[in-house]
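The values are calculated or read from the model by the stated rules, or taken from the named source; none is laboratory data. Please read all numbers here as calculations on a predicted model, not as lab measurements. Positions of Cβ are backbone-derived with ideal geometry, glycine not excepted, and every protein chain shown enters the neighbour counts. The accessibility values were calculated without ligands, DNA or RNA, using every heavy atom of the protein model including side chains. Shrake-Rupley method; radii C 1.70, N 1.55, O 1.52, S 1.80 Å.
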Amino acid sequence: IAQNELGLLVSFLGNIYLLTLGLLSWLQLKYRPAKFYVFALLALFTGIGISLALNFGLMPNGFLADNSLQVGAVAEIMLLSYGLGIQIKMERNDYQIAQNQLITTLKENENIQNLANIELSNKNVALEKAYQDLIESHELTDKLKAIDEAKTRFFTNVTHEFRSPLTLIL
């Protein structure tokens, strides 16, 4: 076997392996761009097969047969490019979806934070009121203590005033 035929045969076998992987990812994993890779590999596979058949004398010469490898390679490049475009579009869509989810999550977090701030503000108002009530209570307590002391002094003085003359009279 000549070197050209050996290279074509190795490419043919490698292409079978890649075609099998492409079919598995397309059919089992449902990976949409894989069908373009499968069709691209089929185009190259066909070109290599025709070229091998031509080199082994199994097929007559002709324009398509003589240029089958080039036609298969061009078809492969076109299909791979289209598949790559589909994959890029899918990635952009996934990126947009992720970005929208992130924005939604950020808005939800902002709403939660706003609600927490409102709740804290309400608690702060309640604490301020309780503090004012406490201050008023301390002021009232101080006034009551002063009144109690004045009452005690008054009754002490009145008692003293009554006792002194009564003591003298006795």
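Things worth noting here:
- Note on region 123-138: residues that are open to solvent by 100 Å² or more (accessible area, probe 1.4 Å) and of a type outside the set (Lys, Arg) amount to 4.
- Applying the criterion of being buried (at least 16 other Cβ atoms within 10 Å of the Cβ) and of a type outside the set (A, V, I, L, M) to the residues of region 76-92, the residue that is farthest from the chain's Cα centre (by Cα) is 76.
- Hits in region 76-86 (condition: out of contact with any Phe, Trp or Tyr (no Cβ under 8 Å at 6 or more places or on another chain) and either at pLDDT below 85 or not in a helix (DSSP H, G or I) (or both)): 76
- When we screen 40, 73, 53, 65 for residues that are more than 22 Å from residue 89 (Cα to Cα), in a helix (DSSP H, G or I) and under 51 Å from the mean Cα position of the chain (by Cα), the only hit is 73.
- Residue that is open to solvent by 90 Å² or more (accessible area, probe 1.4 Å), at pLDDT 90 or above and on the phi < 0 side of the Ramachandran plot, where the choices are 70, 113: 113
So that you can scan it fast, the table gives a plain yes or no per residue for (1) modelled with pLDDT of 85 or more; (2) part of a helix (DSSP H, G or I); (3) farther than 30 Å from residue 36 by Cβ; (4) open to solvent by 70 Å² or more (accessible area, probe 1.4 Å):
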position: 97; (1), (2), (3), (4): yes, yes, no, yes
position: 117; (1), (2), (3), (4): yes, yes, yes, yes
position: 153; (1), (2), (3), (4): yes, yes, yes, yes
position: 160; (1), (2), (3), (4): no, yes, yes, yes
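- In region 8-60, the residues that are closer than 18 Å to residue 87 by Cβ, surrounded by 16 or more Cβ atoms within 10 Å (Cβ to Cβ) and aromatic (Phe, Trp, Tyr): 26, 36, 37, 39
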